[in-house]
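Single-structure report; data block below.
The values are calculated or read from the model by the stated rules, or taken from the named source; none is laboratory data. Only a predicted model underlies this, so the values are computations on that prediction, with no experimental measurement involved. Positions of Cβ are backbone-derived with ideal geometry, glycine not excepted, and every protein chain shown enters the neighbour counts.
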Amino acid sequence: MTKATVTKIFLGGVLAAIAGGIVVLVAGGIAYTNDVFVMNGQEVVGLRGGALTWTLLGVGLVGALTMAAGAIAGLVSWIGALLNVSQLDSKVWFVVLLLLGIFNFGIIGMIAYVIAGPDGTAKAAPRLAPAPARA
């Protein structure tokens, strides 16, 4: 997987997660302001039946699924980046991406990779040895 592909998948996943989060927050906010929730003090104990309730539940579910798809795209792009940098001679990028991903700081590593990371699939120009000098 090339760096360009990894970048596209990562950015698409981030945008999907943000959009899904916004949809969930808006649906929850509309539900709260229209008294869709049955409250007992500060606890939600039920939902009031109605068209608005089911509509907002569906919209919230679509937003949650969009967030999940964004998270899966992020995981796929992280694995693609790991496979990409594993082809390099220096394993510094591989170790950094792997450790940051394992310790839940993968987004930081992926942002650094997208901005400044090498492309392990790019073909390096072959080095030609200078011709021996003849005396």
Practice task
Spot the failing condition for residue 113; the list is (1) in contact (Cβ under 8 Å) with a residue 40 or more places away in the chain; (2) farther than 21 Å from residue 14 by Cα; (3) crowded, with 18+ Cβ neighbours inside 10 Å, and only one is missed.
Solution key: (2)
Practice task
Give 68, 27 a once-over and let me know the one that is at pLDDT 95 or above and touching a helix residue (DSSP H, G or I) at 6+ places or on another chain (Cβ under 6 Å).
Solution key: 27
Completion exercise
Note on residue 73: of the conditions (1) small (Gly, Ala, Ser); (2) in a helix (DSSP H, G or I); (3) over 29 Å from residue 119 (Cβ atoms), unmet is (3)
Practice task
Look at residue 68 and say whether it is in contact (Cβ under 8 Å) with a residue 12 or more places away in the chain and either surrounded by fewer than 16 Cβ atoms within 10 Å (Cβ to Cβ) or touching a Cys at 6+ places or on another chain (Cβ under 8 Å) (or both).
Solution key: yes
Fill in the blank from the handout: The one condition residue 5 fails out of (1) within 30 Å of residue 119 (Cα to Cα); (2) surrounded by 19 or more Cβ atoms within 10 Å (Cβ to Cβ); (3) in contact (Cβ under 8 Å) with a residue 40 or more places away in the chain is (2)
Completion exercise
Of (1) at pLDDT 95 or above; (2) on the phi > 0 side of the Ramachandran plot; (3) not polar (S, T, N, Q), residue 41 fails just (1)
